[in-house]
Each structure stands twice: as C-alpha cells, then as structure tokens.
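Read through the structure below, which is laid out as structure tokens, and then see the notes.
The values are calculated or read from the model by the stated rules, or taken from the named source; none is laboratory data. Predicted, not measured: the structure shown is a model, and the values here were computed from it. Glycine also receives a Cβ, built like all others from the backbone with ideal geometry; neighbour counts cover every protein chain displayed.
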Amino acid sequence: MSRSCCQSSDEGPRKCFCGVPVTYLTSWRRNNPGRGFETCQWSRSGNVADGCNYFRWVDKPQTDWQKEVINDLITERDRLLRQRAVLKDKVKYLTIERNKVLVDVDKDRGLDVGEDGTRVAARSVLNTLRLNHMSFCVVVSLIVVLMKLFS
C-alpha cells in the first residue's frame, strides 16, 4: 500500500486515489476470515500497474478466538458441501440401479414395458413421487444436521 488514506466526500461514496469509488470486499483468508476491507476496483486484477493499490481495512481486527471459530465454521461448511456432493452422486447411482431392477421385475411379471425399459405411463408417475419423497427426506436431514452444528 503506497498511501494510507483516500479521498472522502460527504456527497457520495469513498473514492481511491484514481478517483473511482472504492470496492468493498470481504477477506476469506485464514488470518482475516470475514473481515471487510476497501480497495481500488482497478487494482483487483493483481497487476501492480493497474489502479492505485489503495487498501484499507474497514472492520476491526478479530480476536484469535473469532478467527478460530470462523475458520472452523468454514471448514465444517466445506466438509458438508463435499459430503452433500457425494450423497447426491450416490442417490443418482442408486436411482439408476433401482430403475434397472424395477425394469427386470416388470419384465419377469410380464408387465407392459416400453422401448426404453420402463413401464408405460405409471412408471414415470411413481418415480416422480419417490424422488420427491427422497429429496424431501434429504433436505430435512440436512436441516437437522445444520441446526445441531450451529446451535
């Protein structure tokens, strides 16, 4: 940071040394998670030649405890997002496998099976109902887990 202040005016937004309104961003790095700062909108490219390199923290520094809690929450959120992606893949795989088994059962029973291997008409309605019920159960389970984590 070459200068420590920017132009301030009661008539509008704060401006950096380039004369453009500053950009307000939030840091998500481990040493300042969730801490707000202002910067020159042109220096965001990472190229030193762009903009005036204006930078100023807006929020007060966080305590070590605050940093630890926020970083733990971010880590847990990321873990839950990865777990959700794995579970979604499992649901897709199991749905495909279930449909294959149902087609085989329908064929064994001598039921009318369409060219694509599904029972005509009734199969699509049943699958929709089953998937909606399964989706509802997954969403409720995720809500319960998140409530336990953040309470």
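With respect to (1) surrounded by 16 or more Cβ atoms within 10 Å (Cβ to Cβ); (2) in contact (Cβ under 8 Å) with a residue 60 or more places away in the chain, the lone exception for CYS52 is condition (2).
The strands (runs of 3 or more DSSP E) found entirely in the range 19-109 that carry 3 or more residues being over 28 Å from LEU142 (Cα atoms), of a type outside the set (Lys, Arg) and touching a Phe, Trp or Tyr at 6+ places or on another chain (Cβ under 8 Å) are 35-39.
Picking from residues in the range 1-51 that are farther than 30 Å from ARG77 by Cα and charged (D, E, K, R), the one that is modelled with the lowest pLDDT is ARG3.
Every condition in (1) modelled with pLDDT of 90 or more; (2) over 30 Å from GLU38 (Cα atoms) holds for MET134 except the one numbered (1). Among the residues of the range 81-99, the ones that are among the aliphatic types (A, V, I, L, M), within 16 Å of LEU146 (Cβ to Cβ) and surrounded by 11 or more Cβ atoms within 10 Å (Cβ to Cβ) come to 1 in all.
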